[in-house]
Amino acid sequence: GAGVSQSPSNKVTEKGKDVELRCDPISGHTALYWYRQSLGQGLEFLIYFQGNSAPDKSGLPSDRFSAERTGGSVSTLTIQRTQQEDSAVYLCASSLVQGGANNEQFFGPGTRLTVL
Amino acid sequence: ELKVEQNPLFLSMQEGKNYTIYCNYSTTSDRLYWYRQDPGKSLESLFVLLSNGAVKQEGRLMASLDTKARLSTLHITAAVHDLSATYFCAVEIGAGGTSYGKLTFGQGTILTVHP
């Protein structure tokens, strides 16, 4: 079956613009996660969803970041008023059941965001 | 706050040699994952370790977990060039005995295998 897909694969934007990143999890996976990978900070957790709710938003770096998930499937990560320090690869992952016996997370290809 | 530390961060090996990557973590957990990342690619799941003493093997790689020592190892046997990649360990933490899925990653170990 299809894996986790993300779009766009690359996004170049100007400082101050808003961007939306999309994640389509593996069909049937109820948990969805966003991470960020950058040279300086490594791999950082941002937010996770169980169904459509997001119990833990503590990883979001600032209030310019928000995420939503509708229909228990596709999720969008929105960054408002982008800054150069937002440049990173944004990775989405999904797992079958959050908190289950095996929470193996499967990662998408990522969106490389460059803020000029 | 959970901290996950890998060492070494850089590993240059000759083909045919053996080596071990270490992953130490600071908070009690019995769920640890190993991932591989090739340049410009995403993360590929290698091993899922869900209990103390768990050992998993796939080809030339073997991973183990010691929850009492808060240590996982990734052992490479008779390395080949195709194993060149960055390897991450990730620890899953939970609250009140129920994991909520957040992974905290180590810094990654960049492995280069030379002929």
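The values are calculated or read from the model by the stated rules, or taken from the named source; none is laboratory data. All figures in this text were calculated on a predicted structure; none of them were measured in a lab. Cβ coordinates were reconstructed from backbone atoms using ideal geometry, including for glycine residues, and neighbour counts include every protein chain displayed. Please note that ligands, DNA and RNA were not included when accessible areas were found on the heavy atoms of the full protein model with its side chains. Shrake-Rupley method; radii C 1.70, N 1.55, O 1.52, S 1.80 Å.
Quick notes on this structure:
- Each residue in region B:18-60 was checked for being more than 14 Å from chain A (Cβ to nearest Cβ), surrounded by 19 or more Cβ atoms within 10 Å (Cβ to Cβ) and at pLDDT below 95, and 0 of them qualify.
- You will find that of A:Ile79, A:Ile47, the residue that is more than 14 Å from chain B (Cβ to nearest Cβ), open to solvent by less than 70 Å² (accessible area, probe 1.4 Å) and within 12 Å of the chain's Cα centre (by Cα) is A:Ile79 and no other.
- One residue alone among B:Glu15, B:Glu5 is under 20 Å from A:Leu39 (Cβ atoms) and either touching an Asp or Glu at 6+ places or on another chain (Cβ under 8 Å) or at pLDDT 95 or above (or both), and that residue is B:Glu5.
Okay, residues lined up against (1) in contact with a Phe, Trp or Tyr (Cβ under 9 Å, 6 or more places away or on another chain); (2) of a type in the set (S, T, N, Q):
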position: A:Ala2; (1), (2): no, no
position: A:Asp18; (1), (2): no, no
position: A:Leu21; (1), (2): yes, no
position: A:Ile26; (1), (2): yes, no
position: A:Ala31; (1), (2): yes, no
position: A:Ser66; (1), (2): no, yes
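- Considering region B:1-106, the qualifying strands (runs of 3 or more DSSP E), each wholly inside and each with 1 or more residues that are farther than 20 Å from A:Gln105 by Cβ and among the charged types (D, E, K, R), run over B:4-7, B:61-66.
- Looking across region A:58-76, the residues that are farther than 18 Å from A:Ser7 by Cβ and loosely packed, with under 14 Cβ neighbours inside 10 Å come down to A:Ser58, A:Ser62, A:Asp63.
- Qualifying residue in region B:1-17 (condition: without any contact (Cβ under 8 Å) to a residue 40 or more places away in the chain, within 14 Å of another protein chain (Cβ to nearest Cβ) and aliphatic (A, V, I, L, M)): no
- Applying the condition of being assigned to a strand (DSSP E or B) and open to solvent by 40 Å² or more (accessible area, probe 1.4 Å) to region A:1-25 and asking which residue is nearest to A:Gly71 (Cα to Cα) yields A:Asp24.
- Applying the set (1) more than 21 Å from A:Tyr33 (Cβ to Cβ); (2) touching a residue at least 40 places away in the same chain (Cβ under 8 Å); (3) within 11 Å of chain A (Cβ to nearest Cβ) to B:Leu74 leaves exactly one unmet item: (3).
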